[in-house]
Amino acid sequence: MRLFVALNLPPPVREALWTVTAPVRNLSLPVRWVRGEGIHVTLKFLGDVEDRREGEFRSALGRAATGAHALPLVLEGFGVFPDFRRPRVIWAGIAPEPALEILQDRVEREFSPLGFPTEARAFRPHVTLGRATRDARPAAFAGLEAALAALVFTETALVDSVDLMQSTLQSGGAVYHVRHRERLP
């Protein structure tokens, strides 16, 4: 199964983000968009793993969440990785939040001994909205920067759990399912 660790945003926040980004999705860009119900913040991608290891992952997630509290995440701004000349990921930003960075670091440290090396790049909290298709040409993204700049969205989401998620790839996009949830009081 394909797993990752994530923070799932409350449904009203996901719906609001989905609604405000409709003009960009309507541009007919060569992008696979995340479904509205699947909008989340990834803390650690684990990839394809054996089912029998799920207990280890649940325990690691529990240790990472110990002492953590519900997180107020401020979503604001939009952008792309790596840049507008050749965008690969279209995202919504998350304002710096020390408690989020501490939680993400704890997830990295708990999963590292299980064979998941810590990420070499600095953690850049964001919500992935879509990924460019592999065959996308840079010219196909003309107007994207202006379209994202025109979006106005600032919302605070209180996230009260960290989740072990399963991603099932389907023809219409990935479908996500919570395998295990650790509450953040």
Among V107, V74, the single one that is modelled with pLDDT of 95 or more and under 30 Å from E50 (Cα atoms) is V107
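Please verify whether T42 is under 26 Å from A157 (Cβ atoms) and either of a type in the set (D, E) or more than 17 Å from the chain's Cα centre (by Cα) (or both), treating the condition exactly as stated.
Working: under 26 Å from A157 (Cβ atoms): yes; either of a type in the set (D, E) or more than 17 Å from the chain's Cα centre (by Cα) (or both): no.
Answer is no for this residue.
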V74 fails exactly one of the following numbered conditions: (1) in contact with a Ser or Thr (Cβ under 8 Å, 6 or more places away or on another chain); (2) among the β-branched types (V, I, T); (3) over 15 Å from D160 (Cα atoms). What is the number of that condition? (3)
Residue list for the range 117-167, filter: touching a Lys or Arg at 6+ places or on another chain (Cβ under 9 Å), within 19 Å of L100 (Cβ to Cβ) and not in a strand (DSSP E or B): T118, E119, D160
Which listed residue is farther than 20 Å from G173 by Cα and either of a type outside the set (A, V, I, L, M) or out of contact with any helix residue (DSSP H, G or I) (no Cβ under 6 Å at 6 or more places or on another chain) (or both), from G47, G77, G36: G77
Within the range 145-153, does at least one residue satisfy the condition of being open to solvent by 60 Å² or more (accessible area, probe 1.4 Å), free of Cβ contacts under 8 Å to residues at least 60 places away in the same chain and charged (D, E, K, R)? no
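Out of the residues in the range 93-113 that are in a loop (DSSP other than H, G, I, E, B) and in contact with a strand residue (DSSP E or B) (Cβ under 7 Å, 6 or more places away or on another chain), state the one that is least open to solvent (accessible area, probe 1.4 Å).
A95
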Quick one: is G67 open to solvent by 50 Å² or more (accessible area, probe 1.4 Å), over 13 Å from the mean Cα position of the chain (by Cα) and without any contact (Cβ under 8 Å) to a residue 40 or more places away in the chain? yes
Residue by residue through the range 6-33, note down the ones that are open to solvent by less than 40 Å² (accessible area, probe 1.4 Å) and either at pLDDT below 95 or not in a loop (DSSP other than H, G, I, E, B) (or both). A6, L7, N8, V13, A16, L17, V20, A22, V24, V31
Go through (1) exposed (fewer than 14 other Cβ atoms within 10 Å of the Cβ); (2) farther than 20 Å from P30 by Cβ one by one and return the number of the condition S167 breaks. (1)
Answer residue from the range 47-56, given it is under 12 Å from Q166 (Cα atoms) and assigned to a helix (DSSP H, G or I) and is most open to solvent (accessible area, probe 1.4 Å) among those: D51
Within the range 168-185, can you find the residues that are of a type in the set (G, A, S) and in a strand (DSSP E or B)? G173, A174
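The values are calculated or read from the model by the stated rules, or taken from the named source; none is laboratory data. No experiment lies behind these values; they were computed from the predicted model shown. Because the Cβ atoms are built from the backbone with ideal geometry, glycine has one as well, and the counts that use them run over all protein chains shown. These accessible areas exclude ligands, DNA and RNA; they are computed on the full protein's heavy atoms, side chains included. Shrake-Rupley method; radii C 1.70, N 1.55, O 1.52, S 1.80 Å.
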